[in-house]
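Asker: Take this structure, written in structure tokens, and hold onto it; I'll ask about it next.
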Amino acid sequence: MTEGEKNIRVALIGYGYVGKIFHAPLIQSVPGMQLVIVGSGSPDKVLADLPGVTVCSAVEAATHPEVDLVVIATPNDSHFALASAALLSGRHVVVDKPFTVTLAEARALGSLAEQQKRLLSVFHNRRWESESLATKAVLESGVLGEVVHFEAHIDRFRPTVRQRWRENVGPGAGLWFDLGPHLIDEALHLFGLPETINASFATQRRGGETDDWAHVQLNYQRLRVILHAALLVSGGVPRSVLHGTRASWAKHGADVQEMQLVAGISPGAIGFGIDPNPGILYDGATKEQTEIPAPAGNEAAYYVGIREAIMGRQPNPVPPEQALAVMAVLERSFESGAKGQILPLELTDRERMAFQGRKAFP
């Protein structure tokens with residue numbers, strides 16, 4: 001921000017876990033952004049944390065005349081309607097992942113943002129987690145040779161089924177809708193679009209109503225990408241694995257930013273985002289093992305990118321075309337799992353253009 005520039009006034013819709021823990025502190029940490037409106041049905045809860053904001057309904061926040069940017073952190077099935085209302089009222093929009101609950105809705109929002117000439121972006125924050133940054137750095141180093149296998153896990157131990165919208169039957173519910181967009185976006189960000197997809201889903205917890213185990217394979221020419229999420233894993237499995245013609249690499253330990261935000265540690269504080277778990281490089285010829293420190297995670301960089309994009313100084317950090325491709329893979333993976341078939345990824349030529357020139361790592 002230069003002296004004299006006005007703050008970007010932000011409305012945050014939704015003050016549940018995601019809004020409170022992620023979006024509010026990240027927005028507040030970015031110079032030039034001011035959180036002024038919160039759309040929530042729990043004003044006491046909001047004002048206890050954010051005494052200076054105005055609290056109103058979700059619909060009022062989406063179209064509020066005193067904001068420039070609307071951030072949507074509500075249940076998945078409300079994303080489309082709220083984002084549409086905000087765009088039609090002339091606001092820029094950030095939507096928490098997943099973009100929408102259908103590919104058709106994602107396409108419609110992208111077209112609307114183009115018509116309204118407003119920024120539309122999706123909060124694919126995994127790109128700025130230490131684990132993903134470490135994976136990207138190892139790929140860029142070339143030390144692995146030709147990469148033939150990438151595997152990414154988000155496994156948790158949550159054996160008890162909870163009564164909440166994510167675990168109840170409904171549009172956008174289930175584990176893969178929750179965690180799949182993180183894993184899919186990372187894969188597409190690193191390797192581009194796959195040729196085909198095959199997937200399997202299960203409900204393993206007694207009393208579960210939605211999928212709580214997901215195993216999805218993205219198929220490229222020689223490369224195979226395995227994306228896995230489960231809720232009955234106590235530990236012991238690497239979060240990320242790469243295998244190449246010269247070496248392999250593995251990374252244990254999740255990004256620490258969420259844990260720090262839950263503890264009330266603000267972005268920018270000393271030690272924020274520092275990952276204590278290095279990746280391990282396994283040399284194929286010598287069997288030597290080498291620790292490689294992980295870069296610090298920095299999810300606030302997403303909102304710095306949003307600020308700069310609104311100011312016209314750099315591209316949108318996650319444009320709708322890229323988020324739409326995530327939705328295409330997500331939707332196709334469910335279809336593959338239901339049919340038990342390997343299916344091609346279907347996108348229009350224009351949609352594929354968003355990835356044209358993106359070099360898949362060797």
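Asker: Name every residue in the stretch 296-340 that is in contact with a helix residue (DSSP H, G or I) (Cβ under 7 Å, 6 or more places away or on another chain), open to solvent by 50 Å² or more (accessible area, probe 1.4 Å) and not in a helix (DSSP H, G or I), in order of residue number.
Answerer: N298, Q314, P315
Asker: Restricting the search to the stretch 241-268, which residues are outside any helix (DSSP H, G or I), touching a helix residue (DSSP H, G or I) at 6+ places or on another chain (Cβ under 8 Å), of a type outside the set (D, E, K, R) and under 28 Å from V30 (Cβ atoms)? Talk me through it step by step, then tell me what you get.
Answerer: Quick first cut of the stretch 241-268, residues outside any helix (DSSP H, G or I) only: 241-256, 263-268.
Applying the additional criterion that residues be touching a helix residue (DSSP H, G or I) at 6+ places or on another chain (Cβ under 8 Å) yields 242, 249, 251, 253-256, 266-268.
Now narrow it down to the ones that are of a type outside the set (D, E, K, R): 242, 249, 253-254, 256, 266-268.
Correct list: G253, A254, V256, S266, P267, G268.
Asker: Let me ask something additional. Test of understanding: among V225, V237, V262, which residue is open to solvent by less than 30 Å² (accessible area, probe 1.4 Å), of a type outside the set (F, W, Y) and touching a residue at least 40 places away in the same chain (Cβ under 8 Å)?
Answerer: Working: V237 fails: open to solvent by less than 30 Å² (accessible area, probe 1.4 Å); V262 fails: open to solvent by less than 30 Å² (accessible area, probe 1.4 Å).
After applying the criteria, what remains is V225.
Asker: Right, something else. Hey, could you check the stretch 16-47 for residues that are in contact (Cβ under 8 Å) with a residue 40 or more places away in the chain and among the aliphatic types (A, V, I, L, M) and say which is surrounded by the most Cβ atoms within 10 Å (Cβ to Cβ)?
Answerer: L26
Asker: So, in the stretch 53-98, exactly how many residues are without any contact (Cβ under 8 Å) to a residue 24 or more places away in the chain, more than 20 Å from P181 (Cβ to Cβ) and among the polar types (S, T, N, Q)?
Answerer: 2
Asker: Exactly one condition in (1) surrounded by fewer than 23 Cβ atoms within 10 Å (Cβ to Cβ); (2) under 16 Å from the mean Cα position of the chain (by Cα); (3) among the charged types (D, E, K, R) is false for E131; which is it?
Answerer: Of (1) surrounded by fewer than 23 Cβ atoms within 10 Å (Cβ to Cβ); (2) under 16 Å from the mean Cα position of the chain (by Cα); (3) among the charged types (D, E, K, R), only one is false for E131: (1).
Asker: For the stretch 99-122: of the residues being farther than 11 Å from E331 by Cβ and without any contact (Cβ under 8 Å) to a residue 40 or more places away in the chain, which is least open to solvent (accessible area, probe 1.4 Å)?
Answerer: Restricting to residues being farther than 11 Å from E331 by Cβ and without any contact (Cβ under 8 Å) to a residue 40 or more places away in the chain, the top hit is L112.
Residue by residue, here is whether (1) assigned to a strand (DSSP E or B); (2) at pLDDT 95 or above holds:
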position	(1), (2)
T2	no, no
A11	yes, yes
L26	no, yes
P31	no, yes
V36	yes, yes
K45	no, yes
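Asker: Right, another one. So is N277 among the polar types (S, T, N, Q), outside any strand (DSSP E or B), in contact with a His (Cβ under 8 Å, 6 or more places away or on another chain) and over 27 Å from Q116 (Cβ atoms) or not?
Answerer: Numbers: among the polar types (S, T, N, Q): yes; outside any strand (DSSP E or B): yes; in contact with a His (Cβ under 8 Å, 6 or more places away or on another chain): yes; over 27 Å from Q116 (Cβ atoms): yes.
Against the criterion (among the polar types (S, T, N, Q), outside any strand (DSSP E or B), in contact with a His (Cβ under 8 Å, 6 or more places away or on another chain) and over 27 Å from Q116 (Cβ atoms)), N277 qualifies.
Asker: While we're here: How many of the residues making up the stretch 280-295 are part of a loop (DSSP other than H, G, I, E, B) and surrounded by fewer than 13 Cβ atoms within 10 Å (Cβ to Cβ)?
Answerer: Keep residues of the stretch 280-295 that are part of a loop (DSSP other than H, G, I, E, B), which gives 284-288, 293-295.
In the following step, the residues that additionally are surrounded by fewer than 13 Cβ atoms within 10 Å (Cβ to Cβ) were identified as 285-288.
Count: 4.
Asker: Please specify each residue of the stretch 13-22 satisfying the condition of being under 15 Å from V55 (Cβ atoms) and either of a type in the set (S, T, Y) or part of a helix (DSSP H, G or I) (or both). Can you show your working first?
Answerer: Keep residues of the stretch 13-22 that are under 15 Å from V55 (Cβ atoms), which gives 13-16, 19-20.
Across the stretch 13-22, the qualifying residues are Y15, G19, K20.
The values are calculated or read from the model by the stated rules, or taken from the named source; none is laboratory data. In this text the structure is predicted, and so the values were computed from the model without any measurement. In this analysis, Cβ positions are derived from the backbone assuming ideal geometry, glycine residues included, and neighbour counts consider all displayed protein chains. Each accessible area value is taken on the protein alone, full model and side chains, heavy atoms only, with ligands, DNA and RNA left out. Shrake-Rupley method; radii C 1.70, N 1.55, O 1.52, S 1.80 Å.
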